[in-house]
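Colleague: I am attaching a structure below and will ask some questions about it afterwards.
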Amino acid sequence: MATKESASSIWMRPERAMVGRPAQRSRAEITAAAVGLADREGLDALSMRRVAAELGTGAASLYRYVETREDLLDLMIDATGAEYVFPGPAGDWLADLLAIGDQARAIMRRHPWLPSLLINRSVLGPNGLVLLEHVMAALAPHPGSTVAKLEAFAMLNAVTALFVHNEITGGSDRQQRNAAYLQHALASGNHPRLAELLAPAAADPVPGPDPADRYRDIMTRILTGLLAPQPPA
């Protein structure tokens with residue numbers, strides 16, 4: 001059964017329940033404990049009971065601050081956004097965005113549970129807003145529309161998460177297996193068009209670069225494509 005999510009963002013709700021004993025915890029403290037637990041043991045280990053044990057309290061007490069596990073995941077995602085360092089815009093929008101992407105990759109590698117959450121959950125919290133503000137400041141000189149800039153921000157986040165998810169889940173090994181199967185299938189003669197297109201690569205046994213090593217090149221093409229001048233209607 002799917003977990004029911006609250007109708008409003010957790011950041012639009014009071015820090016703690018308005019009834020009961022005086023506050024002994026904070027959302028920040030609970031979130032930090034959850035992040036530490038997920039870093040060590042993964043998301044499968046994450047539950048309100050386990051987080052409560054990390055804090056030396058009972059699970060029931062945490063529900064005064066965080067209503068659901070889904071709320072806790074949102075808090076965790078946003079908390080990692082505090083790890084960004086934002087220098088002033090350098091005046092080169094692409095360099096600024098690629099620098100943000102490099103930081104995002106490092107943050108996601110420090111928190112291996114994060115990429116899969118980012119791929120599946122769209123969360124905007126306080127730290128996410130700071131990140132968005134920085135991206136929009138970097139893009140301020142660009143003549144592109146606000147919609148195009150927001151799309152670029154979304155793609156920067158999503159593609160970076162996919163890259164890191166691939167890296168930490170054995171993407172290079174899968175790539176080698178897929179390449180071996182492709183060569184096997186092409187040798188059958190059942191895929192003549194593919195065989196013709198890929199013949200130059202097959203003739204050169206030197207393997208190409210790992211996609212992870214081409215992150216900046218691929219991200220550059222995505223961002224410049226999204227923000228390229230549009231032809232008149």
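The values are calculated or read from the model by the stated rules, or taken from the named source; none is laboratory data. Treat the numbers as computed from the prediction; the structure is a model and nothing was measured. As a convention, Cβ positions derive from the backbone with ideal geometry for all residues, glycine included, and neighbour counts pool all protein chains shown. Accessible surface is based on the protein model in full, side chains and every heavy atom, while ligands, DNA and RNA are left aside. Shrake-Rupley method; radii C 1.70, N 1.55, O 1.52, S 1.80 Å.
Colleague: I'd like the FRET efficiency for A7 and H142, computed as 1/(1 + (r/R0)^6) with the beta carbon distance as r and R0 of 25 Å, rounded to 0.05.
Modeller: Computed FRET efficiency for A7 and H142: 0.10.
Colleague: Taking the Cα centre of the chain as the origin and placing charges on Cβ (Lys, Arg +1; Asp, Glu -1), which of P126, S145, G170 is farthest toward the positive end of the dipole?
Modeller: Ranked along the dipole, the leading option is P126.
Colleague: Further question: Could you work out the Kirkwood radius for the stretch 64-159, taking every pair of different alpha carbons, averaging 1/r and inverting it, reported in Å? The partial results should precede the final answer.
Modeller: Values: mean 1/r = 0.0707 Å⁻¹.
For the stretch 64-159, inverting the mean 1/r across all distinct Cα pairs yields 14.2 Å.
Colleague: When the chain is modelled as a GNM with alpha-carbon springs shorter than 10 Å, which of R216, R105, R13 fluctuates the most?
Modeller: R13
Colleague: Beta carbons within 10 angstrom, averaged per residue: use that to sort the peptides 93-100, 37-44, highest first.
Modeller: 93-100, 37-44
Colleague: In the chain, what percent of the accessible surface is made up of carbon and sulfur (1.4 Å probe, ligands and nucleic acids excluded)?
Modeller: For the chain, the apolar C and S fraction of the accessible surface comes to 59 percent.
Colleague: On a 0 to 90 degree scale, rounded to 10, what angle separates helix 126-138 from the longest Cα axis of the chain?
Modeller: Once rounded, the angle reads 40 degrees.
Colleague: Could you give the alpha-carbon Rg of the stretch 20-113 over 2.2 N^0.38 Å, rounded to two decimals?
Modeller: 1.32
Colleague: Additional query: Residue by residue through the stretch 82-92, what is 3J(HN,Hα) from phi via Karplus (6.51 cos²θ - 1.76 cosθ + 1.60, θ = phi - 60°)? Round to whole Hz and write x for glycine and proline.
Modeller: Using θ = phi - 60°, the values come out as 6, 7, 5, 10, 10, x, x, x, 7, x, 10 Hz.
Colleague: Mind putting a number on the dipole of the chain about its Cα centre? Charges go on the C-beta only, +1 for Lys and Arg and -1 for Asp and Glu, and I need it in Debye to the nearest 20.
Modeller: With Lys and Arg at +1 and Asp and Glu at -1, about 620 debye.
Colleague: Let me ask another. Can you give me the angle between helix 93-110 and the longest principal axis of the chain, using Cα atoms only, in degrees from 0 to 90, rounded to the nearest 10?
Modeller: It works out to around 60 degrees.
Colleague: Something else: With a ≥ b ≥ c taken as the square roots of the eigenvalues of the C-alpha gyration tensor of the stretch 90-140, please select rounded if a/c is under 1.5 and otherwise prolate if a/b is larger than b/c or oblate if it is not?
Modeller: Verdict is oblate for the stretch 90-140.
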